[in-house]
Structures are given as structure tokens and as C-alpha cells.
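Undergrad: Have a look at the structure that comes next, please.
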Amino acid sequence: MLYLVGLGLSSVEDITVSGLKAVKQCSRVYLEHYTSILMSASQAELEEFYGKSVTLADREMVESGCEEILRGANSEDVAFLVVGDPFGATTHTDLVLRAKQQNIPVKVFHNASVMNAIGACGLQLYNFGQTVSMVFFHETWRPDSWYDKILANRKIGLHTLVLLDIKVKEQSYENMARGRLIYEPPRYMSISQCCEQLLEVDEKKSIKAYTPDTPCVAVSRLGSPTEAFKAGTIQELANYDAGEPLHSLIILGSQCHELELEYLLDFCDDREKFKKDVAKDREYFKPEPVMIEEDPEEEEE
Ligand SMILES: C[S@@+](CC[C@H](N)C(=O)[O-])C[C@H]1O[C@@H](n2cnc3c(N)ncnc32)[C@H](O)[C@@H]1O
């Protein structure tokens, strides 16, 4: 059996009871180690908690060589651990499909994900549109395909969850070109870097999905003891030090509900200014009023 086990968001103890039972009976345990990190637990702490050794599975192992993970899973139990939920933001459907092709039974243990825990900031999950990913800009590669998704969300008043790039095991271009298996130290995009990238792309666009004054919520270390929220405009959050990773950003929808706003006021430096910013933003994509044309013949009657 292949077990896909969600670990939750922060500590070793966030695994579910049933997930832990499954892990304990496995002969091999892999930890997916490229889309997220378990913020308050090291590999050694996980191994001690499970009483088993844990192999870190990088992108290469999961996407191109998942034979290693599935090896023998017909006759023994193998666990594939995913921080958050196995199907939250990152989908591991490819691994499941490959297991099915090999007649390996699969069981999933769900857990909390950034995709639902984000509701802790007071914004309603029903009011979110498409989630987008913000990748690190390079000198020659500054992708902005996320822009149209934010625009579409904002046009109909919905919030946008922006997930930020992380590079846990990355080779420099030079080392890659020379085939040297030397990896750079891990990098995690910060809220301020994300906001700077948003502002840079905004300057180039003629149709404005947002402005520097658009209200946002910075979400840091969700589900951990140091969880933090900060509400402010994109411009303000470009100067915000959110501390240790992990970070996410929410760009408010232009139709932010009164109750949502009330909750967010606890997270801003200047409540009155934030109220004004939200009020101004409500006008931003306001639908044109519907004009019902009068029928002249009807009038005559
Ligand atoms: C690709 S998603 C992986 C989601 C994970 N499988 C889950 O279900 O939560 C990883 C990104 O989500 C965001 N994220 C994940 N956990 C977070 C947390 N606890 N606090 C803030 N942001 C988080 C970060 O932007 C991070 O780079």
C-alpha cells in the first residue's frame, strides 16, 4: 500500500492519529521536500517521533524517479509524507496515477492545508478566487502569467491567495551547466519581495488589476506558535519584515465584506487609514450601474 500522509502545517504532532498509525507500520517513509517545509520540525525530530528513518524526496525523485518510492509497495507499506495536505496547492496526483498503473493500492490521510487554514485571517474561504504562485524573478526571467488571474479575481470582487516561491534544493546555473551536484542554501520568498514584484509588474500593465494602494494581508507561519497577520497596502507591505518563513499574501477582493474588514482591523497599524483604503478599493472594479432603457411606446400608452 502507498500511504499519502498530510503532516499539517507546523509541528511533528500535527499529523493525524490515523496518519501516524499508518506511518508507524511502513517499511519505508519518504518526506516530500521541495514544495513546503514543516516549520517547527527537523528531519531528525520526525524520525524520532515516528521511530523510523525518513528519506527526503526532492523534486527529481518524485517527478522523474518515483520508481524508488513505489518499489515493492505491492507487498509492503510505503509512506509519502506531504507538509499540509497531500492535495493542497501541490497535487501529487501523478504519483497516485503511477501507483494505480502498477496496481498498488493508495490510501490518503488528509490534514490542514494553507489553502483552508488561511481563513484564520478573517477572510471567508467562499470569497477567494483562483490561487496564484509568485516565483522568484531572475535577471532575464520575470514571469507574470499570474497577473491575469488576479485581474479576473479582482473584477468579480474575489480575494487572491498568493503562494510564494521556495527553493529548497536548487543548483546555480553554473553548477547545473557543469553537471556538478552542488546545491545553493534554501531560499524562501518574503512578503516584501513578493510585493516588490507585484509593483514592478503593475508598472508595465495598462489594465490595472491592482495599484500600490490595494489592501492586502500578509500571512506568516500559519498554524505555528509564531503565526502572524499584517494588513496593509501593497506599497506598505513592500517594506514589512515578516520574519522567518513560510509566508503567503492575500490581495483583497474589491468587495471585501464588512465582517471581514472588522476582523482585519486588528492586524493593521492604522485602522482609520486601512478603512479608507478598503473603501477606496471597493470603488475600483465597481460594476457599471445597469440602465434600463425606457420603451417610448409604453410611455405613450
Ligand atoms: C506550494 S504550497 C504547498 C502547500 C501544502 N501542500 C499545504 O497543503 O499547505 C507552499 C507555499 O504555500 C505557502 N504556505 C504553506 N504553508 C504555509 C504556512 N504555514 N504559512 C504561510 N504560508 C504557507 C507558502 O507560500 C509556501 O511557499
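The values are calculated or read from the model by the stated rules, or taken from the named source; none is laboratory data. Because the structure is a prediction, the values reported are computed rather than measured. Note that we place each Cβ from the backbone using ideal geometry, even for glycine, and neighbour counts take in every protein chain shown. What goes into the accessible areas is simple: the full protein's heavy atoms, side chains included, and nothing from ligands, DNA or RNA. Shrake-Rupley method; radii C 1.70, N 1.55, O 1.52, S 1.80 Å.
Undergrad: Accessible area per residue for the chain in Å², computed with a 1.4 Å probe and the full protein assembly in place, what is it?
TA: 53
Undergrad: Sticking with this one: Ignoring ligands, DNA and RNA, how do Tyr263, Tyr50, Tyr183 rank by accessible area with a 1.4 Å probe, largest first?
TA: Sorted descending by solvent-accessible area, the residues read Tyr263, Tyr183, Tyr50.
Undergrad: Now for a separate question. Using only alpha carbon pairs under 8 Å that are at least six residues apart, calculate the relative contact order of segment 2-112 and give it in whole percent. If you can, show how the numbers build up before the last one.
TA: Numbers: 194 pairs, mean separation 50.4, N = 111.
Relative contact order comes out at 45 percent.
Undergrad: Let me ask something else about it. Would you calculate a helix-derived [θ] at 222 nm for the chain, using -39,500 (n - 2.57) for each DSSP H run of n ≥ 4 and dividing by the full residue count, to the nearest 500?
TA: Rounded to the nearest 500, the figure is -8000 deg cm²/dmol.
Undergrad: To continue, here is another question. At a 1.4 Å probe, what is the % contribution of carbon and sulfur to the accessible area of the chain?
TA: The value for the chain is 50 percent carbon and sulfur by accessible area.
Undergrad: While we're looking at this one, here's another question. How much of Glu272 can a 1.4 Å solvent probe reach, expressed as accessible area in Å² and rounded to 10?
TA: 110
Undergrad: Rounded to the nearest 0.05, what FRET efficiency is calculated for Gln101 and Gln124 with R0 set to 41 Å and r the Cβ-Cβ distance?
TA: Values: r = 40 Å, r/R0 = 0.96.
So the FRET efficiency works out to roughly 0.55.
Undergrad: Excluding ligands and nucleic acids, what accessible area in Å² is computed for Cys216 using a 1.4 Å probe, to the nearest 10?
TA: 0
Undergrad: Still on this structure: Using only C-alpha positions, report the orientation-averaged shadow area of the convex hull of the chain, nm², one decimal.
TA: Average projection, Cα convex hull of the chain: 22.3 nm².
Undergrad: Note down the nm distance, to one decimal, between modelled labels 7 Å out along Cα→Cβ at Asn116 and at Ile207.
TA: The answer from the label model is 3.4 nm.
Undergrad: Here's something else I'd like to know. Based on the Cα atoms of segment 115-285, what semi-axes does the equivalent ellipsoid have, where each is the square root of 5 times one gyration tensor eigenvalue, given in whole Å with the largest first?
TA: The answer is 29, 19, 13 Å, longest axis first.
Undergrad: Still on this structure: Set the Förster distance to 22 Å, then compute FRET efficiency between Trp141 and Thr91 from the Cβ-Cβ distance, nearest 0.05. Numbers along the way, then the final one.
TA: Working: r = 24 Å, r/R0 = 1.10.
Once the sixth-power term is evaluated, E becomes 0.35.
Undergrad: Quick check: the distance between the Cα centres of segment 47-86 and segment 103-177, to the nearest angstrom?
TA: 23
Undergrad: On the full set of protein chains, 1.4 Å probe, figure out the accessible area of Cys66 and give it in Å² to the nearest 10.
TA: We get 0 Å² for Cys66.
Undergrad: Are there any GluC sites (Glu not before Pro) in segment 80-187 that are in a DSSP loop and have at most 12 other Cβ atoms within 10 Å? List them by number. Please list the in-between numbers first.
TA: On the way: sites: Glu139, Glu170, Glu174; in loops: Glu139, Glu170.
Listed in order of number, the matching sites are Glu139.
Undergrad: Which links in Lys52/Lys169; Lys167/Lys230; Lys100/Lys149; Lys107/Lys230; Lys204/Lys273 stretch past 29 Å when you go from one Cα to the other?
TA: Lys100/Lys149; Lys107/Lys230
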